[in-house]
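Working notes, structure below.
We did not get these values from a lab; they are worked out from the coordinates using the rules stated. Everything numeric here is computed off the predicted structure, so don't read it as measured data. Neighbour counts run over all protein chains shown; Cβ positions are idealised from the backbone, glycine included.
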Amino acid sequence: RDCTVAISPIARVLISHQLPIDGSVYEPNRTMSYLTGKTRLAFLCFFASHIPITLMIDAQAFLPHSFFPQIALDVVKWYTNTFNDQLMTPPYDTWFSAVVGCEIFLQLPFFFVAVHSLWTNGRSVDGSGWFRTACLVYGSHTATTMAPILATIWNDISAEKIQKAFLFSVYLP
């Protein structure tokens, strides 16, 4: 209760004056600008590249290997042998398979929607509408799943530092 009493006046001032905490000037009708130019292209490439990666690489930790062409299986085998990625090496941890299942059923559909929205250059990709909300949900989900993945890589005693650094760069979006 004492803590609430001490914080409440500060919170009331910030809320009543609608002052942003970062010190910038508050503009009540300001939204993010439309995604255009290089920013739009970067988002488009990011989401488009994740479609085949999810379908051909990541999904191997969730679906039976009989679903995949031999070349996809060979790529993952080479990758796991070269970079010592224990998460993508069978048998897969149950928690990791569950995370990949969420990627397939939650993130993959969003990748298609995001690519379509960014490709068609419609008003649906401004900073205030459904696309922003969908990106926030995607980002929150991704950040949450990264915690156990990065902790597992960090604590893997069989991986060398350079392998861990590479794996961090692969898993971080």
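Between Thr133 and Asp93, what length in nm is gained on full extension when 0.36 nm per residue of separation is reduced by their alpha carbon distance? Kindly include the intermediate steps, with their values, before the conclusion.
On the way: separation 40, 0.36 × 40 = 14.40 nm, distance 3.13 nm.
My answer for the length gained is 11.3 nm.
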Next on the checklist: Using a 7 Å offset from Cα along Cα-Cβ at Glu160, what residues in segment 77-93 end up with backbone N under 17 Å from the label point?
Outcome noted: 79-86
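Quick one: net charge around Leu167, please, counting Lys, Arg +1 and Asp, Glu -1 for every other residue with C-beta under 11 Å from its C-beta.
Numbers: positive: Lys161, Lys164; negative: Asp85, Asp156, Glu160.
Around Leu167, the charge tally is -1.
Take each of the peptides 133-146, 97-110, average the number of other beta-carbon atoms within 10 Å over its residues, and list them starting from the highest. Before the final figure, lay out each step's value.
On the way: 133-146: 13.6, 97-110: 16.1.
By packing density, highest mean first, the sequence is 97-110, 133-146.
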Item to check | Extended-chain gain in nm, criterion 0.36 nm per residue less alpha-carbon gap, His116 and Ser49 | outcome: 22.8 nm
Checklist entry - Once phi is turned into ³J(HN,Hα) by the Karplus curve 6.51 cos²θ - 1.76 cosθ + 1.60 with θ = phi - 60°, what whole-Hz value does each residue of segment 140-150 show in order, with x for glycine and proline? => result 5, 4, 5, 4, 5, 6, 5, 4, x, 5, 5
Item to check | Whole-number D in µm²/s for segment 37-173 (Stokes-Einstein; Kirkwood sum over Cα pairs; 4 °C, 1.567 mPa s) | outcome: 80 µm²/s
Checklist entry - In nm, to one decimal, how far is the Ser66 label point from the Cys102 one, both placed 7 Å along Cα→Cβ? => result 2.9 nm
Checklist entry - Along the three principal axes, how long is segment 130-173 when you take its alpha carbons, biggest first, rounded to the nearest angstrom? => result 43, 15, 7
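Report the net charge of residues surrounding Ser158, where surrounding means a beta-carbon distance below 11 angstrom and charges are Lys +1, Arg +1, Asp -1, Glu -1. Walk me through the numbers on the way to the answer.
Values: positive: Lys164; negative: Asp85, Asp156, Glu160.
Taking every other residue near Ser158 into account, the sum is -2.
Please give the peptides 157-168, 81-92 ranked by average Cβ packing (other Cβ atoms within 10 Å per residue), highest first, as a rough proxy for protection.
Packing order, densest peptide first, comes out as 81-92, 157-168.
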